[in-house]
Amino acid sequence: MEFLQLLSWACIVFTVGMFSTGLTDLKKMRASKSADNVQFLPFLTTCLNNLGWTYYGMLKRDGTLVLVNTIGAILQVLYIVFYFHYTKEKRRVMSQTLAAGAVLASGWIYFSMLLPHGETQLSQLGLTCSVFTVSMYLSPLTDLVAIVRSGNLECLSFPLTVATFLTSSSWTLYGLQLNDYYIMVPNTPGILTSLIRLYLFWRFASVNHSSPSYKLIQI
């Protein structure tokens, strides 16, 4: 098996595994019949990110990108539907979803109709997806600062941290093999933030294990 093909399978397995961690929130909502302790925006922003990368993969004719992000988008839509069913703030969720739909429609019109097809279209779409992905990876940094100050790991999930590290690493190597910096560069922050989280688990594990109230909560 060629190295690129091996990386392709690694990207598929690790990324789908990372997206599937949202099933924990889905089970939590079904068990409690409530969405009070689950965040909605990560589902919505991840769905937009998946759809953007799916379009990029279609233009680039990259089956790995298309497959992974199509599965991811389907899962995020499933999470969104369940969240809307169980939440008490349906008006807020609906307004945020409509706003995201407007952004998606505007992006589709711009990239598919206003830009000339070819390298310009591909590069601008790749840059947009890259910036969006970087912002998603860097958004939890404020939580990491709070953890450093408090030493409390309750808002971190160790399995999700490992999954993010493996996913980011595989996509970085995949982008490097394809010489595609739009894939490689935005996944580098995922490696860095995952390493920071792993260090925090190592640094504060003994403190949290000694506390009887410690539990892992996925973010």
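The values are calculated or read from the model by the stated rules, or taken from the named source; none is laboratory data. For clarity, every value in this text was computed on a predicted model and none was experimentally measured. As a convention, Cβ positions derive from the backbone with ideal geometry for all residues, glycine included, and neighbour counts pool all protein chains shown. Accessible surface is based on the protein model in full, side chains and every heavy atom, while ligands, DNA and RNA are left aside. Shrake-Rupley method; radii C 1.70, N 1.55, O 1.52, S 1.80 Å.
Count the lysine pairs in the chain whose Cα atoms lie under 21 Å apart, taking only pairs 8 or more positions apart in sequence or on different chains.
So the count of such lysine pairs works out to 8.
For the set R203, R91, solvent exposure ranked by accessible area (probe 1.4 Å, protein chains only) runs largest to smallest as R91, R203. Among complete DSSP H helices in the chain, those whose alpha-carbon atoms stretch at least 18 Å along the helix's long axis and whose mean Kyte-Doolittle hydropathy reaches -1.0 are 3-20, 41-60, 63-86, 90-109, 119-138, 158-178, 181-209. Gap in Å between the Cα centre of the range 1-34 and the Cα centre of the range 67-103? About 17 Å separates the Cα centre of the range 67-103 from the one of the range 1-34.
Between S112 and Q39, residue separation times 0.36 nm minus the direct Cα-Cα distance comes to 23.1 nm. When only the Cβ of Lys, Arg, Asp and Glu is charged (+1, +1, -1, -1), the dipole of the chain relative to its Cα centre reaches about 760 debye. At full extension, V77 and V103 could sit 7.7 nm farther apart than now, given 0.36 nm per residue minus the alpha carbon distance. With a 1.4 Å probe rolled over the protein heavy atoms of all chains, the accessible area of K88, K33 falls in the order K88, K33, largest first. Proximity of backbone amide H atoms, modeled 1.01 Å from N, is registered between L156 and I217 at under 5 Å, excluding neighbours fewer than 5 places apart on the same chain. Rolling a 1.4 Å probe over the protein chains gives S106 an accessible area of about 70 Å². Ligands, DNA and RNA aside, L176 has an accessible area near 100 Å² when probed at 1.4 Å. Take the range 39-153 with all the other protein chains still there, run a 1.4 Å probe, and you get 55 Å² of accessible area per residue. Computed over protein heavy atoms with a 1.4 angstrom probe, the accessible surface ordering of E2, E89, largest first, is E2, E89. Take Y55: with every protein chain present and a 1.4 Å probe, its accessible area is about 40 Å².
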